[in-house]
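The values are calculated or read from the model by the stated rules, or taken from the named source; none is laboratory data. The structure presented is a predicted model; accordingly, all values stated were derived computationally and were not measured. All Cβ positions, even for glycine, are placed from backbone atoms using ideal geometry, and neighbour counts span all protein chains on display. The area values use the complete protein model at the heavy-atom level, side chains included, leaving out ligands, DNA and RNA. Shrake-Rupley method; radii C 1.70, N 1.55, O 1.52, S 1.80 Å.
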Amino acid sequence: MDRDPAWWRSAVSYQIYPRSWADSDGDGLGDLPGITARLEYLCELGVDAIWLSPFYPSPQADAGYDVADYRDVDPRFGTLADSDALVARAHALGLRVIVDLVPNHSSDEHPWFRAALAAAPGSPERERYYFRPGRGPGGTRPPNNWESVFGGPAWTRVTEPDGRPGQWYLHLFDVKQPDFNWASPEVRAEFESVLRFWLDRGVDGFRVDVAHGLVKQPGLPDWTRPTDPLDDAEEAAAHVRDRAAPVPTHHSPCWDQDGVHEIYRSWRAVCDSYGTPARILCAEAWVEPPERAARYTRPDEMHQAFNFDFLLAPWIAADLVAVIRASLAATDAVGAPATWVLSNHDVVRHATRLGYAPGTRRRNGIGAGDPQPDRALGLRRARAATTLMLALPGGAYLYQGEELGLPESTAMPDSSRQDPTYLRSGGAELGRDGCRVPMPWLRDAPGFGFGPSAHTWLPQPEVYGDYAVDQQLRVAGSTLELYRTLLRLRRELGLGRGSLALVEGYAAHVVALESTGPEGARVLVVANLGADPVRLPEGAAVLVASGPLGPGGAVPTDTTVWARWP
C-alpha cells in the first residue's frame, strides 16, 4: 500500500454497491464475503481504494441509506467479522477502504427515532430530530412547504402515544428517513463516536452522504424550489458556459447552510488524530457554483468533494473546458485537489447518458417507453470521456461496471423497480435502479456469474453477457483493457499529482491539454468531440487512445488520445 500521507490527492477510488457487486451465498443479493472474494480483480484493474455504499443494518427503504444501526453490518450483507476480513484483505492487497456515512438522516427503525415516537413533544428524545407542530386548525397542515427529494411533502404527522394526531417530523428524503437535528449536542457526539468506531476497525475514510444537508436554517421557513439548472442537461450546459458570471447557489433553507462547516472541522480533527497516512472525508455535496463547493475542502475540513459539474457537463468541448477550468481554479484557491467523477449509483451511467445528443436527457432513469440511447455511440464517448478524466490532476472515482462499459438498464419492467423515487413519485420519476443492476462476471454462467444461483435482486439485461468480465479480460481493445492501461499509465506518469495547462491552436470542437507529471513527464491530451478528424503534432508518440485511430494516426470523432510531446 502506498504510504504517501496525502495518498488521497491523486487516488483513483472504485465505488462498490454491495448488493450488486458479488453474491457469495446465492440469495441474489451481493454481500461482504462476495466483495472480499473479488478484490484481486480490483488490484489488477489498478485502483488505489474502494468506496463501499452502506452495508449497515437497515430496513432497506432506500437501499441502505436508511440506517438503523451505525455500528454493525446488516445480516443480508454479512457480519462485523466479515467487514473486518474485507478490510484486512484489502489492505493486504494494497487497497484502502472508504465506507459510506449517512449523517443527514437515520432509518425510522433506529432506536433513537423509536424512542422519539414514544416520548412526548419537547422531550430530549425528540430534539434529536425535527419534530414540529403543524399549521392551521388542529395542526392538520405541515409545518412548512418543503418537499421531499423523492416526491411529496417532506413532513409526516405522527400519532402520539395517547392515540391523538400529534407533531410532524421532517424527512427530506423518504418517509422512513427522518432528518437528524444537528443543533443537538447528542447528535454531534454520536457521530464523532461512530467515526471512531470504524476508524478503530481500520477503515481509511468516509464518503459523507448528503454532506450539504445536515444544517437547516433556523425557523425552518417556507421555500419554493426554483428551477434548478442541475435538473436539466440543456440548462446545465448554459450554466457551465456562463462561468464568467457564476450563478449563485440556490440557497435554500435546507441545503448548503454555513453551519455544516463547523461539523466537518470537528470530524477532520477526529480523522487527523489517527495520524498518517491520512484518514479522509469525501463530500457528496450538490452545491453550486464551484467556489462554494470548494469550501467543503478547505484545509481544516474535508479532503475531497465530488465534482458534479464535471459529471453533468454535456459532450461539448467548450463546456468541458469551462468546467475543468472553473473546477481547478476553485479547488486551487483552497489548496485542495479536484475530485473527478462520471458515474455513480444515483445517476444514469455515462455509457448511456452520452448516447444521446447533448441536452436531451435528464439524470434520473430511462424506461422502455423512453427514446433509447445509441449504445455504440454512448460507449465510444464514454471511453473518450474517461480517457480525458483520468489525465486530469487530482483524485477520481469510478463506479462499478463502468470499466466494462456497462450501459444503463433502460428496459427494466416497472414491476421490478425498488427505488423510493419511483415509488413516491407514482412512477413520474423512474429512479435509479437502472444503474444499480448486478455485475456480470461470466457470460455463460447463471446470473452472469453474479453468484452461485441465477437469482439477482434486480433483473440483468440479456446484453450484459456481452460486457462480462470474462469477455474482456486480456482482450485487446476491450473497455476493461483500456481502463487497465489508463490506470497503469496514470500511475507511472504521475498525472494525478501533476499540473495541467490548456493547449491553444486546436479547433473549437477539441479539448487539448498538457498534463505534466511531478517528474516532468509531459503528456498531450487531445479529445475530439467534433466530426472532423484531428491531427497530432509531428512526432507525437501515442501512449493510449480511447478507440482506433484514423489514417496517419488522426484522432477521429469521439476519441481521446494521450501522446508524448515531440
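Take every pair of alpha-carbon atoms less than 8 Å apart whose residues are at least six positions apart; their mean separation over the length of the chain yields a relative contact order of 13 percent. Contact order, relative form, for region 280-374: 25 percent (alpha carbon pairs under 8 Å, 6 or more residues apart, mean separation divided by residue count). Taken over the alpha carbons of the chain as equal point scatterers, the Debye sum produces base-10 log I(q)/I(0) values at 0.09 Å⁻¹ of -0.67.
Beyond 21 Å, the tail of the calculated P(r) for region 67-136 holds 47 percent of the Cα pairs. If R0 is 45 Å, the Cβ-Cβ spacing of S184 and L80 corresponds to a FRET efficiency of close to 0.95. Can you give me the Cα centroid spacing of region 474-541 and region 315-369 in angstrom? Each part's Cα centre sits 18 Å from the other's. Evaluate E = 1/(1 + (r/R0)^6) for D222 and V503, where r is the Cβ-Cβ distance and R0 equals 41 Å; express this FRET efficiency to the nearest 0.05. Calculated value: 0.25.
Distances between every pair of Cα atoms in region 335-392, grouped in 5 Å steps from 0 to the bin holding the largest one, split as 4, 18, 26, 24, 15, 7, 4, 2, 1, 0 percent. Computing Rg and the Kirkwood Rh from the Cα coordinates of region 402-453 gives a ratio, Rg/Rh, of 1.05. Here the ratio of the Cα radius of gyration of region 1-73 to 2.2 N^0.38 Å is 1.26.
Size estimate for region 456-566 follows the Kirkwood approach: the inverse of mean 1/r over distinct Cα pairs works out to 15.6 Å. With one equal scatterer per alpha carbon and no solvent term, the Debye-computed log10 I(q)/I(0) for region 1-138 at 0.13, 0.19 1/Å reads -0.65, -1.06. The ratio of the alpha-carbon radius of gyration of region 270-314 to the globular-protein estimate 2.2 N^0.38 Å is 1.32. The Kirkwood hydrodynamic radius of region 369-484, based on inverse pair distances between different Cα atoms, is 15.6 Å.
State the percentage of accessible surface on the chain attributable to carbon and sulfur atoms; use a 1.4 Å probe and exclude ligands, DNA and RNA. Ligands and nucleic acids excluded, carbon and sulfur give 53 percent. Expressed per residue, the C-alpha convex hull volume of region 438-484 stands at 73 Å³.
Annotation: for a label point projected 7 angstrom from Cα along Cα→Cβ of T159, residues of region 83-127 with backbone N closer than 18 Å are 108-109, 114-121.
As a rough guide to protection, the peptides 338-350, 141-153 ranked by mean Cβ packing within 10 Å, highest first, stand as 338-350, 141-153. Averaging the Cα positions of each part gives two centres, and for region 65-142 and region 1-24 these lie 23 Å apart. The alpha carbon radius of gyration of region 458-499, expressed as a multiple of 2.2 N^0.38 Å, is 1.59. The share of C-alpha pairs in region 354-435 whose separation exceeds 19 Å stands at 46 percent.
Each listed q (0.24 Å⁻¹) maps to a log10 I(q)/I(0) for region 116-183, found by the Debye formula over equal Cα scatterers with no solvent: -1.09.
Using a probe of 1.4 Å on the protein chains alone, the accessible area found for R443 is around 100 Å². For the chain, the solvent-accessible area with a 1.4 angstrom probe is 36 square angstrom per residue. In region 14-56, Rg over Rh equals 0.97, where Rg is the alpha-carbon radius of gyration and Rh the Kirkwood radius from pairwise Cα distances.
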